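Scroll down for the structure; my scribbles are underneath it.
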Amino acid sequence: MDLESMIDGQIAVWPLARQNYQALGSTQRRSLRLGDLTVGIQHNPARIVSTAAKTDKASISARRCFLCKDNRPVEQAGIPIADGWELLLNPFPIFPTHFTIVSKEHRPQEGFPVDMVEMAEKLPGHTVFFNGSRAGASCPDHLHCQAVKTHELPLMQMVESHHGIDAGGGNRIATPSSLNLDMPFGFKSVIITPDADGMQTLANIEGIIGIDYINEGRLNVFVWIDKSSLLRIVAVPRRAHRPSCYGEEAGKMLISPGCIDMAGVVITPRKDDYGNLTESLLRRIYSECGEDPQAI
């Protein structure tokens with residue numbers, strides 16, 4: 001799959017995508033250290049489309065689904081990546097390589113798409129991720145995933161560094177507590193090996209992640225193939241879709257954490273929010289949206 005040619009081709013014919021990918025070069029960035037996780041803060045005005053998206057039933061029913069093929073921009077071309085799924089260039093990128101992977105069928109953002117494993121195998125060097133309907137999804141009415149380069153995501157880098165197949169007492173499944181990590185939210189890290197035990201772990205993945213979180217859409221899931229060719233899955237269970245500080249009015253912050261934010265790159269479409277975000281405030285946002293790391 002020639003991804004670079006696909007990106008170049010889309011940018012060449014699609015003015016909106018070209019404008020937003022070119023704008024990435026001028027986005028402001030800084031970082032905050034929260035225990036063992038170094039979080040990047042990105043000021044990205046174009047992402048207000050997702051951050052400020054209205055996800056209530058009335059708002060969704062009043063608009064056309066922008067992920068359905070008939071409603072997409074004429075310039076947006078898709079390529080098959082798995083049975084029933086198309087790979088699209090995301091026109092509102094966070095990174096220079098940013099894809100949306102959409103179901104060809106219009107159905108809700110529910111469950112845990114196990115096809116993410118096949119997608120990750122076809123996208124080496126990338127992490128495929130899924131925002132649950134109550135965990136950052138800006139289009140909860142149409143099943144979709146996204147994909148970016150793995151090296152862009154601090155959480156994935158940290159997990160690979162600390163959770164090896166012999167780490168955490170030799171377990172294939174680890175948490176911040178078992179890895180002795182200081183984290184502002186909890187997660188489960190799962191390593192799938194190419195043997196019978198690994199396949200059994202994969203078969204039980206929904207139970208490992210937490211069926212209630214899956215059924216309630218309160219989950220962010222990341223799937224990728226690491227440098228050792230091992231399949232990795234990280235699940236971040238969620239308490240809330242958005243933090244208490246969320247809002248467009250004075251004194252509020254327009255920050256709506258999805259997978260990328262929980263993976264250590266927080267997106268701030270507004271300049272004031274970018275400048276005003278502090279370590280203590282970010283810890284509060286993470287603690288309100290994610291589960292207690294000691295309880296996972």
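The values are calculated or read from the model by the stated rules, or taken from the named source; none is laboratory data. Quick caveat: nothing in here was measured; it's all calculated off a predicted structure. Every residue, glycine as well, gets a Cβ built from its backbone with ideal geometry; the counts of neighbours run over all protein chains shown. These area figures cover heavy atoms from the full protein model, side chains too; ligands, DNA and RNA do not enter into them. Shrake-Rupley method; radii C 1.70, N 1.55, O 1.52, S 1.80 Å.
Looking at the structure I just gave you, is residue 61 surrounded by fewer than 15 Cβ atoms within 10 Å (Cβ to Cβ), at pLDDT 95 or above and either among the hydroxyl-bearing types (Ser, Thr, Tyr) or in contact with a Lys or Arg (Cβ under 9 Å, 6 or more places away or on another chain) (or both)?
Spelling it out, it is not the case that residue 61 is surrounded by fewer than 15 Cβ atoms within 10 Å (Cβ to Cβ), at pLDDT 95 or above and either among the hydroxyl-bearing types (Ser, Thr, Tyr) or in contact with a Lys or Arg (Cβ under 9 Å, 6 or more places away or on another chain) (or both).
Taking the stated definitions as given, is residue 219 surrounded by fewer than 23 Cβ atoms within 10 Å (Cβ to Cβ), in contact (Cβ under 8 Å) with a residue 60 or more places away in the chain and within 28 Å of residue 195 (Cα to Cα)?
Details: surrounded by fewer than 23 Cβ atoms within 10 Å (Cβ to Cβ): no; in contact (Cβ under 8 Å) with a residue 60 or more places away in the chain: yes; within 28 Å of residue 195 (Cα to Cα): yes.
Spelling it out, it is not the case that residue 219 is surrounded by fewer than 23 Cβ atoms within 10 Å (Cβ to Cβ), in contact (Cβ under 8 Å) with a residue 60 or more places away in the chain and within 28 Å of residue 195 (Cα to Cα).
Within the stretch 131-153, how many residues are surrounded by fewer than 20 Cβ atoms within 10 Å (Cβ to Cβ) and closer than 15 Å to residue 263 by Cα?
Residues in the stretch 131-153 being surrounded by fewer than 20 Cβ atoms within 10 Å (Cβ to Cβ) and closer than 15 Å to residue 263 by Cα: 2 in total.
Residue under question is residue 35, and the condition is that it be more than 24 Å from residue 217 (Cα to Cα), in contact with a Gly (Cβ under 8 Å, 6 or more places away or on another chain) and open to solvent by less than 30 Å² (accessible area, probe 1.4 Å); does it hold?
Considered against the rule, which asks whether it is more than 24 Å from residue 217 (Cα to Cα), in contact with a Gly (Cβ under 8 Å, 6 or more places away or on another chain) and open to solvent by less than 30 Å² (accessible area, probe 1.4 Å), residue 35 comes out as no.
Looking at (1) open to solvent by 20 Å² or more (accessible area, probe 1.4 Å); (2) under 30 Å from residue 274 (Cα atoms); (3) not basic (Lys, Arg), which is the only condition residue 51 fails?
Unmet for residue 51, out of (1) open to solvent by 20 Å² or more (accessible area, probe 1.4 Å); (2) under 30 Å from residue 274 (Cα atoms); (3) not basic (Lys, Arg): (1).
Can you name every residue in the stretch 272-296 that is acidic (Asp, Glu), assigned to a helix (DSSP H, G or I) and under 30 Å from residue 211 (Cβ atoms)? Quick ask: steps written out before the conclusion?
Taking the stretch 272-296 first, the residues acidic (Asp, Glu) are 272-273, 279, 288, 291-292.
Those left that are additionally assigned to a helix (DSSP H, G or I): 272-273, 279, 288.
288, the sole residue that qualifies.
Output the number of residues of the stretch 85-105 satisfying the condition of being open to solvent by 30 Å² or more (accessible area, probe 1.4 Å) and either touching a strand residue (DSSP E or B) at 6+ places or on another chain (Cβ under 7 Å) or modelled with pLDDT of 95 or more (or both).
So the answer is 3.
Looking only at the stretch 64-72, decide whether some residue is surrounded by fewer than 15 Cβ atoms within 10 Å (Cβ to Cβ) and in contact with a helix residue (DSSP H, G or I) (Cβ under 9 Å, 6 or more places away or on another chain).
There is at least one residue in the stretch 64-72 that is surrounded by fewer than 15 Cβ atoms within 10 Å (Cβ to Cβ) and in contact with a helix residue (DSSP H, G or I) (Cβ under 9 Å, 6 or more places away or on another chain).
Here are some residues: 242, 238. Which one is of a type outside the set (Asp, Glu), touching a residue at least 24 places away in the same chain (Cβ under 8 Å) and surrounded by fewer than 22 Cβ atoms within 10 Å (Cβ to Cβ)? Walk me through it before giving the result.
On the way: 238 fails: surrounded by fewer than 22 Cβ atoms within 10 Å (Cβ to Cβ).
Of 242, 238, the one residue that is of a type outside the set (Asp, Glu), touching a residue at least 24 places away in the same chain (Cβ under 8 Å) and surrounded by fewer than 22 Cβ atoms within 10 Å (Cβ to Cβ) is 242.
Could you give me the residue pairs with C-beta distances under 6 Å whose first residue belongs to the stretch 61-79 and is without any contact (Cβ under 8 Å) to a residue 60 or more places away in the chain, whose second residue is exposed (fewer than 12 other Cβ atoms within 10 Å of the Cβ) and basic (Lys, Arg) wherever it lies, and which are 6+ apart or on separate chains?
So the pair list comes out as 71/64.
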